[in-house]
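Structure, as structure tokens:
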Amino acid sequence: MSITILGIESSCDDTSAAIIQDGFLLSNVIANQDVHKKFGGVVPELASRAHQQNIIPVVDLAIKQAGVKKSDINAVAFTRGPGLLGSLLVGTSFSKSFALALNIPLVEVNHLQAHMLVHFIKEKNKENQIPEFPFLCLLVSGGHTQLVKINNYLDMEIVGQTIDDAAGEAFDKCAKVIGLPYPGGPVIDKNAQLGNINAFTFSKPRIKEYDYSFSGLKTSFLYFIRDRIKENSGFVKQNMNDLCASIQHTVVEILMDKLIAVSKKTGIKTIAIAGGVSANSGLRNAILESAKKYQWETFIPDFKYTTDNAAMIAITGYYKYLNKDFANQDIAPLARFKY
Ligand code: KG4
Ligand code: ZN
């Protein structure tokens, strides 16, 4: 008999629902929230209101697109955290009611674990290669930056992590300094492709062992731009692509240095990336270059699995379902949630 999981994601500003059957993706519907664009960042109160409006149509569409019936669904997996509490509450409350109404189990999912398990989502009519355990995953998103040793589907050890800003946050904050819209990461990436990575140099932080830090880089970028503008008010406009290429190159080098060091220390050569920033072309190229240099086997997610989506929640829910790891109806979301 097939196992069909409905996944629900609502941790930040994307409302998403997906159906996974026996590890194969049948549908993955995402409603983005444009309402935050004019504020230059996610406004929590507006995000939870938009989730409330979106959740029913998004789930309805995911079930229809998957071609399954509600009665085929074996469990509902939802993001318990980390994320914005108001946003998480919408997905959690919806999932609890749905599970109660259909009398099926509820499965809580950690959003960060889910980002890393995208490498196990299978698709029909596609070659599905999956990483062998243990492997290393560089998880880089708007809220988190972690280097993780993945021993098994749900057994993950954090080897290093940021002590301040996340990599995505560094991209977004630097983008804001040079007047780019939110989220700045994809815009920096696009401009960087036309720029010179060596046009400007920014110093890299010295942080112990395998931890990261990005707040110093953001501040030095801010001061650098401020000083140059004093000399030439058109500096940013005239050097936009080079600025984007140089800052992206620095962020990618910071990320890669520690990843390479952990791979050397542990001897693990199966390397994956995940999270919003794993869409970055500079990071993807750097991973492929290192793969050649160090004989790594690499796993780079499809673009559709890099940013927040419910397919990753459903696949994590699938493995938890197999372990009969179910949640109770009195479960509450957690803004901070360690795995
Ligand atoms: O994983 P995600 O969708 O949400 C969180 O859980 O945080 O990641 C969003 C982050 C944002 O900071 C965004 O700027 C960044 O991912 N991002 C990128 C790119 N695409 C998205 N950063 C650099 N280059 C990209 N191509
Ligand atoms: Zn995320």
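Return yes or no: is SER263 within 16 Å of ligand 2 (Cβ to nearest atom) and either assigned by TED's automatic domain parsing to the domain that holds SER215 or open to solvent by less than 20 Å² (accessible area, probe 1.4 Å) (or both)? No; evaluated as a whole, the condition is false for this residue. Within the span defined as the range 6-13, one or more residues are modelled with pLDDT of 95 or more and more than 19 Å from the chain's Cα centre (by Cα). Yes or no: the range 24-37 includes at least one residue that is under 26 Å from LYS176 (Cβ atoms), without any contact (Cβ under 8 Å) to a residue 60 or more places away in the chain, part of a strand (DSSP E or B) and open to solvent by 10 Å² or more (accessible area, probe 1.4 Å). Checking the range 24-37: at least one residue is under 26 Å from LYS176 (Cβ atoms), without any contact (Cβ under 8 Å) to a residue 60 or more places away in the chain, part of a strand (DSSP E or B) and open to solvent by 10 Å² or more (accessible area, probe 1.4 Å). Output the residues belonging to the range 21-36 that are within 19 Å of the chain's Cα centre (by Cα) and either within 13 Å of ligand 1 (Cβ to nearest atom) or of a type in the set (A, V, I, L, M) (or both). LEU25, VAL29, ILE30, ALA31, ASN32, GLN33, HIS36 - these are the residues of the range 21-36 that are within 19 Å of the chain's Cα centre (by Cα) and either within 13 Å of ligand 1 (Cβ to nearest atom) or of a type in the set (A, V, I, L, M) (or both).
Across the range 155-207, the number of residues qualifying as more than 23 Å from GLN113 (Cβ to Cβ), among the β-branched types (Val, Ile, Thr) and open to solvent by 60 Å² or more (accessible area, probe 1.4 Å) comes to 2. For the range 1-17, give me each residue that is small (Gly, Ala, Ser) and within 14 Å of ligand 2 (Cβ to nearest atom). Passing the criteria: GLY7, SER10, SER11, SER16.
Residues in the range 301-339 that are acidic (Asp, Glu) and over 23 Å from VAL277 (Cα atoms): ASP325, ASP330.
From the list MET116, MET156, the one residue that fits, being within 12 Å of ligand 1 (Cβ to nearest atom) and either free of Cβ contacts under 8 Å to residues at least 24 places away in the same chain or aliphatic (A, V, I, L, M) (or both), is MET116.
Considering the range 208-257 alone, what residues qualify as being outside any helix (DSSP H, G or I) and open to solvent by less than 70 Å² (accessible area, probe 1.4 Å)? TYR210, ASP211, TYR212, SER213, PHE214, ASN232, GLY234, listed by residue number. With respect to the conditions (1) open to solvent by 10 Å² or more (accessible area, probe 1.4 Å); (2) modelled with pLDDT under 95, PHE94 falls short on a single one, namely (2). Criterion first (within 16 Å of ligand 2 (Cβ to nearest atom), aliphatic (A, V, I, L, M) and assigned by TED's automatic domain parsing to the domain that holds ILE260) does ALA199 satisfy it? For ALA199, the condition - within 16 Å of ligand 2 (Cβ to nearest atom), aliphatic (A, V, I, L, M) and assigned by TED's automatic domain parsing to the domain that holds ILE260 - is not met.
Regarding the range 283-297, can at least one residue be identified that is within 27 Å of ASN152 (Cα to Cα), within 16 Å of ligand 2 (Cβ to nearest atom) and outside the structural domain of VAL107 (by TED's automatic domain parsing)? Looking through the range 283-297, at least one residue is within 27 Å of ASN152 (Cα to Cα), within 16 Å of ligand 2 (Cβ to nearest atom) and outside the structural domain of VAL107 (by TED's automatic domain parsing).
Taken over the range 132-152, the criterion of being open to solvent by 40 Å² or more (accessible area, probe 1.4 Å) and within 16 Å of ligand 1 (Cβ to nearest atom) is satisfied by GLY142, GLY143, HIS144.
The values are calculated or read from the model by the stated rules, or taken from the named source; none is laboratory data. Being a predicted model, the structure only gives us computed values, none of them experimental. Please note: Cβ atoms are built from the backbone with ideal geometry, for glycine as well, and neighbour counts cover all protein chains shown. The area values use the complete protein model at the heavy-atom level, side chains included, leaving out ligands, DNA and RNA. Shrake-Rupley method; radii C 1.70, N 1.55, O 1.52, S 1.80 Å.
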